Amino acid sequence: MMETKLKIKNFVFSGITAALTAGALLSGNALAQKDWPTKSINLVVPFAAGGPTDSIARLIAVPMGQALGQTVVVENVPGAGGTIASTKVARAAPDGYTIYIHHMGMATAQALYDKLPYDPMTSFEYVGQVADVPMVLLGKKDLPANNFKELEAYIKANGSKVTMANAGPGAVSQLCGLLFQSRLGVKLTNIPYKGTGPALTDLLGGQVDLLCDQTTQTIPYIKDGRVKAFGTTTMKRLPAIPNVPTLNEQGLKGFEVKVWHGVYTPKGVPQPILDKLNAALKTALNNPDVKKRLEDANIDIVPASKVSAKGLKDHLDTEINVWGPVIRKANIPD
Ligand code: MLT
């Protein structure tokens, strides 16, 4: 009752007062957009620290912050394959101080989760695509198998005794792992983590047998033999690890997974702020250190035309339509 009264009272403006207030608000908003950013910006990451998404976020956060004149602080909000973070961002204030990086999980979530509290196509603004990351099927160092053929035989002999880590439903490590199992016609014991950062730690420690992970930080471990690499998810071998055959050439024909990434904001962020974010993202992706770090991990920076709102939104739309039917048909558990 009190609240209703208050609302009615608030609407009793004289015409002049209302016009003046609206004018003041408008110029205040325009001023806030012109001055933006006046404080640090939160870059939300939907997986645990130390993983591939986190690494790319931290790589672009510094040059983006330099371009914007404010610190870009990475905030890890892991859980439920990225949907907890997506929900948080969709509900955040559209003031440009919350931005978001997510991979293709943005396109797969709708088919994986029954009641998603956001819509990937309408709950966000789109800043631009970032990079495409290949994946590698990894095994712990002490696994008895030394190549893909031996791995196949080991899996067939041991079945569900073999454990495979992933970063939860909607994570690309889960999709890659399930695709691998379905192609082999086996069901392993799948173990979810809050990101492939902690999953890789357990693979290195020998607590889990297999993990399909992105190349973002796995290449040094492959090169120094701390993990075994059984195959890449690319059609061509990766220059950084030329001795690792593709899964395609080892019998899993057409086994291709490349993980694309995009930067988003909550819906309603004003265009001038989106433009500044887009310019900062472009600057970050042109930074020589960023380029080198990505190149070393055989990660492709997307062409400039895709580092745009249209580039990201169109790609997201296409990918939702590609993955939706595949996931629904496969009946992937959540
Ligand atoms: C991560 O950053 O941990 C990964 O991108 C998770 C995944 O999707 O596998």
Among ASP132, ASP95, the single one that is within 16 Å of the ligand (Cβ to nearest atom) and open to solvent by 10 Å² or more (accessible area, probe 1.4 Å) is ASP132
Restricting region 46-65 to residues that are within 11 Å of the ligand (Cβ to nearest atom) and more than 17 Å from VAL133 (Cα to Cα), which is least open to solvent (accessible area, probe 1.4 Å)?
ALA48
Picked from region 82-107 (must be part of a helix (DSSP H, G or I) and in contact (Cβ under 8 Å) with a residue 60 or more places away in the chain), the residue nearest to ILE320 (Cα to Cα) is ALA107
Looking only at residues in region 148-180 that are surrounded by 13 or more Cβ atoms within 10 Å (Cβ to Cβ) and of a type in the set (S, T, N, Q), which one is farthest from the ligand (Cβ to nearest atom)?
ASN158
If I go through region 220-234 residue by residue, how many of them are part of a loop (DSSP other than H, G, I, E, B) and over 24 Å from the mean Cα position of the chain (by Cα)?
3
Give the residue that is most open to solvent (accessible area, probe 1.4 Å), with candidates limited to residues of region 181-201 that are assigned to a helix (DSSP H, G or I) and more than 13 Å from the ligand (Cβ to nearest atom).
ARG183
Does region 66-81 hold any residues that are of a type in the set (Gly, Ala, Ser), assigned to a helix (DSSP H, G or I) and either away from the ligand (no atom under 16 Å from the Cβ) or surrounded by fewer than 20 Cβ atoms within 10 Å (Cβ to Cβ) (or both), and which are they?
ALA67
Checking the structure you have, find out if any residue of region 98-108 is more than 16 Å from the ligand (Cβ to nearest atom), on the phi < 0 side of the Ramachandran plot and either surrounded by fewer than 22 Cβ atoms within 10 Å (Cβ to Cβ) or within 11 Å of the chain's Cα centre (by Cα) (or both).
yes
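The values are calculated or read from the model by the stated rules, or taken from the named source; none is laboratory data. These numbers come from a predicted model, not from an experiment. Note that we place each Cβ from the backbone using ideal geometry, even for glycine, and neighbour counts take in every protein chain shown. Side chains are part of the model used for accessible areas, which takes the heavy atoms of the whole protein and leaves out ligands, DNA and RNA. Shrake-Rupley method; radii C 1.70, N 1.55, O 1.52, S 1.80 Å.
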